[in-house]
Amino acid sequence: MKLIKRIIILILIVAAFMAGIIAYRGWDMYKEAISETPISEKVDKIHSIENYTAYSLLPETYVDAVIAVEDKRFRRHGGFDLIATGRAIIRNIKSGEFIEGGSTITQQLARNMYFEQDKDLSRKLAEIFVAIDIEKSYDKDEIFELYVNTIYFGSGYYNIYDASRGYFGKAPKDLNAYECTMLAGIPQAPSVYSPDSNADLAEQRRQQVIGCMVEEGYIEAGEIQ
């Protein structure tokens, strides 16, 4: 019995040590990133992209759809959502593989600004630190605006304007409900959900988006087909 307790204690000590190393590396990665290029400079660079789309030019249906499917608590968290992360960890454990990261919209923006699209835990922590800083300096509408101007929509479209023009031949402000919900679903897996790549999977994903909107109370069931 004593031996088992000692083994458990040793495992906990090793786990705490490893967690400390990961946290230190994450903090160091974060400090290095913002020291090299401050967040404000990154934001200015995003603002300067061709066809940058302001929040005021985004249809309400599109905004609601993205929040419903990507980050349900976007308006309520401070950049990091402990509830969503915990839920993602449980799902990953049940599946036996890393299938969900629980990243908020702000974390995804931080990743697009600074970090590679890998699943390293230290990078994940650095991403959270940057996200918290972003939330301190910008309001939710500004963060959402920056986000949709930096995400990949598949088929070579790297922001909401290009995706709207490329897929539907119109500016974002003119998107209808079908188009809004289609675009909201693509960024999770652009190569899979791009209508150009697989129309059937894109439609399945769009229906998932609509289901999330109904669950979150943005629309009534059957309101958007």
With respect to the numbered conditions (1) farther than 17 Å from Ala65 by Cβ; (2) touching a Pro at 6+ places or on another chain (Cβ under 8 Å); (3) of a type in the set (Phe, Trp, Tyr), which one is the sole condition not fulfilled by Tyr167? (1)
Please pick out the residue among Tyr114, Tyr138, Tyr147 that is under 19 Å from Ala68 (Cα atoms) and of a type in the set (Phe, Trp, Tyr). Tyr147
Is it the case, given these coordinates, that Ile128 is β-branched (Val, Ile, Thr), over 30 Å from Met29 (Cα atoms) and either in contact with a Leu (Cβ under 6 Å, 6 or more places away or on another chain) or buried (at least 16 other Cβ atoms within 10 Å of the Cβ) (or both)? no
Assess whether Gln204 counts as being of a type in the set (S, T, N, Q), within 24 Å of Asn112 (Cβ to Cβ) and part of a helix (DSSP H, G or I). no
Please go through segment 40-76 and give me each residue that is in a loop (DSSP other than H, G, I, E, B), farther than 12 Å from Tyr147 by Cβ and in contact with a Phe, Trp or Tyr (Cβ under 7 Å, 6 or more places away or on another chain), ordered by number. Asn51
Unmet criterion (only one of (1) within 14 Å of the chain's Cα centre (by Cα); (2) in a helix (DSSP H, G or I)) for Tyr152: (2)
Residues that are without any contact (Cβ under 8 Å) to a residue 24 or more places away in the chain, crowded, with 23+ Cβ neighbours inside 10 Å and of a type in the set (Ser, Thr, Tyr), drawn from segment 133-163: none
Kindly evaluate Ala221 against the criterion of being among the small types (Gly, Ala, Ser) and within 30 Å of Tyr114 (Cα to Cα). no
Just to be sure, is Ala126 closer than 16 Å to Pro38 by Cβ and at pLDDT below 95? yes
Is it true that some residue in segment 132-144 is under 23 Å from Asn112 (Cβ atoms) and among the hydroxyl-bearing types (Ser, Thr, Tyr)? yes
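The values are calculated or read from the model by the stated rules, or taken from the named source; none is laboratory data. Treat the numbers as computed from the prediction; the structure is a model and nothing was measured. Counting neighbours? That spans all protein chains shown, and the Cβs are built from the backbone with ideal geometry, glycine included.
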